[in-house]
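Take a look at the structure set out below.
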């Protein structure tokens with residue numbers, strides 16, 4: 001019964017409220033990062049595909065730099081150097097830079113997967129390049145990239161835990177804060193049991209959300225395979 005008593009002591013309305021606020025912040029930050037990075041990544045993928053050699057090289061350099069350097073590095077750089085008063089925006093920008101590079105490659109693979117015959121059909125109807133992209137290529141591209149974008153959603157949600165390194169009170173940061181003050185609730189020093197309970201709870205929350213997305217991904221893959229038969 002010791003561990004159940006410890007759980008009861010640690011998870012009070014105050015600590016549960018703190019964890020809920022941290023989780024909601026993690027969701028909001030992940031959604032913001034994904035929306036911005038998908039929008040910018042789409043523009044970059046289009047420029048890389050139809051923008052000529054210069055655009056292709058510039059986008060390639062950007063993608064290679066941000067895909068091959070640590071996320072935490074860019075979070076720290078942006079948090080310290082960006083002239084933005086809002087600390088959430090400064091920290092999130094570092095993740096957006098990296099996520100944009102990934103989204104650019106995801107969208108580019110979707111663009112390349114569209115049948116060339118569809119583009120030729122658009123040209124035969126007198127559509128210009130941008131009209132073909134908007135009305136024919138991009139709608140099919142976004143349908144094709146849903147599984148890969150779900151994978152990126154999982155990665156971004158998990159990676160919001162890096163923002164705690166610059167004191168952004170996301171979910172894991174709140175869990176660490178509760179552990180650091182657990183003695184206020186338990187009446188004794190921080191123990192291994194406390195670590196197991198608090199971080200175990202955090203791990204379960206991360207697992208449930210990401211597992212649900214993984215199940216959705218597998219369902220979409222099965223539907224896609226069934227349609228191809």
Taking Cα atoms, the helix 146-159 axis meets the longest principal axis of the chain at an angle in degrees (rounded to 10) of 30 degrees
Choice from 37, 109, 26 with maximal GNM fluctuation in the chain (Cα, 10 Å cutoff): 109
Starting from the 7 Å offset along Cα-to-Cβ, what nm value, one decimal, do you get for the label separation of residue 127 and residue 192? 6.4 nm
If I fit a long axis through the Cα atoms of helix 52-67 and take the longest principal axis of the Cα atoms of the chain, what angle between them do I get, 0 to 90°, rounded to 10? 20 degrees
Rounding to the nearest 10 and keeping the result within 0 to 90°, find how far the Cα-based axis of helix 171-180 lies from the longest principal axis of the chain. 20 degrees
Using a Gaussian network model on the chain with a 10 Å cutoff between Cα atoms, which of 22, 180, 94 fluctuates the most? 180
Over the alpha carbons of the stretch 1-126, what is the largest minus smallest coordinate on each principal axis, giving the biggest first in Å? 73, 35, 24
Which Rg and Dmax, in Å, describe the Cα atoms of the stretch 70-154? 17.7, 52
Can you give the FRET efficiency to the nearest 0.05 for residue 27 and residue 61, using r as the Cβ-Cβ distance and R₀ = 25 Å? 0.15
hull vol. (C-alpha, convex hull) per residue for the stretch 151-201, Å³ -> 80 Å³
Go ahead and set up a Gaussian network model of the chain, Cα springs under 10 Å, then flag whichever of 189, 117, 51 fluctuates most. 117
Inter-centroid distance (Cα atoms) of the stretch 64-95 relative to the stretch 136-173, Å: 15 Å
So, relative contact order of the stretch 2-228 in percent, Cα under 8 Å, 6 or more apart, is 27 percent
Quote the FRET efficiency, to the nearest 0.05, computed for residue 5 versus residue 213 with a Förster distance R0 of 41 Å and r equal to the Cβ-Cβ distance. 0.75
D (Stokes-Einstein, µm²/s), Kirkwood Cα radius, the stretch 19-66, 1.306 mPa s at 10 °C: 129 µm²/s
Hey, what number do you get for the chain at 222 nm if only DSSP H runs of n ≥ 4 count, each worth -39500 (n - 2.57), divided across all residues, to the nearest 500? -27000 deg cm²/dmol
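Could you compute the FRET efficiency for residue 53 and residue 115, with r as their C-beta to C-beta distance and R0 at 30 Å, rounded to 0.05? All intermediate terms of the calculation are to be shown ahead of the outcome.
Working: r = 25 Å, r/R0 = 0.82.
Between residue 53 and residue 115 the formula returns 0.75.
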Along each of its three principal axes, how wide is the spread of alpha-carbon positions in the stretch 2-228, in whole angstrom units, largest first? 77, 47, 25
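Every number here is computed from the coordinates shown, using simple stated rules; none is lab data. Because the structure is a prediction, the values reported are computed rather than measured. Cβ: placed from backbone, ideal geometry, glycine included. Neighbour counts: every protein chain shown.
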